[in-house]
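To start, the structure under review is shown below, and the notes come after it.
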Amino acid sequence: MNFTAIDFETANGKRNSACSLGMVRVENGKIVESKDWLISPPEMYFHPMNVSIHGITEEDVRNEPSFNYIWEEVEGYLQNQMVIAHNASFDTSVLRACLNTYGIPLPHFDYMCTVQISRILWPGMPNHKLNTMAHLFNIPLKHHDALEDTLACAKIAIKACETMNASQLSDLAKEIGICPGKWSANKCQSPKKLK
């Protein structure tokens with residue numbers, strides 16, 4: 001079971017305003033690496049609502065690199081990998097907006113969403129938010145910290161594979177009737193439910 005989990009936090013309502021990125025690498029079903037970055041967004045405006053959610057301010061990122069400077073390191077974790085996020089439509093839209101802002105070509109990868117997976121596997125939950133699912137599995141979580149969110153997402157994905165006795169996320173996708181999303185140089189296709 002090999003995949004990369006990601007989570008972005010944004011400074012404001014613009015998708016290219018990433019101010020933090022968390023990333024976790026899972027190999028053979030085990031978390032082998034975790035990293036996070038503070039990011040200086042292209043427009044240094046932090047909406048009070050966003051700050052109230054994640055606690056990151058302009059002062060925190062003023063001397064941090066912009067997204068294009070961390071991309072070379074980040075790309076190796078995504079290119080030709082299975083990527084997962086909780087509410088992946090948000091995180092992949094932030095990634096795409098950041099890449100477009102700096103004229104960086106889209107990487108190639110397949111991706112899945114742990115919200116979508118959770119809705120299928122655990123339909124009786126009151127909701128499928130990250131903190132709700134983390135609580136279900138006794139996963140410690142400081143919510144809206146990018147690295148903490150990414151670790152929780154990775155652990156939920158591992159739990160889902162264990163629940164379905166799937167050795168890979170691609171096998172899990174087949175078992176629960178999801179076609180993973182796909183990114184390529186010229187298109188981005190969202191995960192789709194087949195059944």
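The values are calculated or read from the model by the stated rules, or taken from the named source; none is laboratory data. Please read these numbers as outputs of a predicted model, since none were measured by experiment. Quick reminder, even Gly has a Cβ in these numbers, built from the backbone with ideal geometry, and neighbours come from all protein chains shown.
Worth a mention:
- The stretch 1-26, residues that are of a type in the set (S, T, N, Q) and either closer than 20 Å to Leu169 by Cβ or surrounded by fewer than 16 Cβ atoms within 10 Å (Cβ to Cβ) (or both): Asn2, Thr4
- Restricting the first member to the stretch 18-33 and to residues that are hydroxyl-bearing (Ser, Thr, Tyr), and the second to residues that are not in a loop (DSSP other than H, G, I, E, B), the beta-carbon pairs closer than 6 Å and six or more apart or on different chains are Ser20/Glu9; Ser20/Leu38; Ser20/Ala146.
- Of all residues in the stretch 93-119, those being surrounded by fewer than 18 Cβ atoms within 10 Å (Cβ to Cβ) and without any contact (Cβ under 8 Å) to a residue 60 or more places away in the chain number 4.
- Considering the conditions (1) closer than 20 Å to Asp7 by Cα; (2) in a helix (DSSP H, G or I), Pro140 is excluded by exactly one of them, (2).
Conditions (1) closer than 21 Å to Met23 by Cβ; (2) assigned to a helix (DSSP H, G or I), marked per residue:
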| position | (1), (2) |
| --- | --- |
| Cys98 | yes, yes |
| Ser118 | yes, yes |
| Pro126 | no, no |
| His144 | yes, no |
| Ala152 | yes, yes |
| Cys161 | yes, yes |
| Asp171 | no, yes |
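- Filtered residue count, the stretch 30-54, keeping only those that are charged (D, E, K, R) and either modelled with pLDDT under 95 or in contact with a Lys or Arg (Cβ under 9 Å, 6 or more places away or on another chain) (or both): 3
- Taken together, the residues in the stretch 127-157 that are touching a helix residue (DSSP H, G or I) at 6+ places or on another chain (Cβ under 7 Å) and without any contact (Cβ under 8 Å) to a residue 60 or more places away in the chain amount to 9.
- Residue satisfying all of: in the stretch 54-69; out of contact with any Ser or Thr (no Cβ under 6 Å at 6 or more places or on another chain) and of a type in the set (Ser, Thr, Tyr); farthest from Leu95 (Cα to Cα) among these: Thr57
- Set Val26, Val94: member being at pLDDT 95 or above and closer than 14 Å to Thr150 by Cα: Val26
- Condition check for Ala157 on (1) closer than 19 Å to His108 by Cβ; (2) out of contact with any Gly (no Cβ under 7 Å at 6 or more places or on another chain): one failure, at (1).
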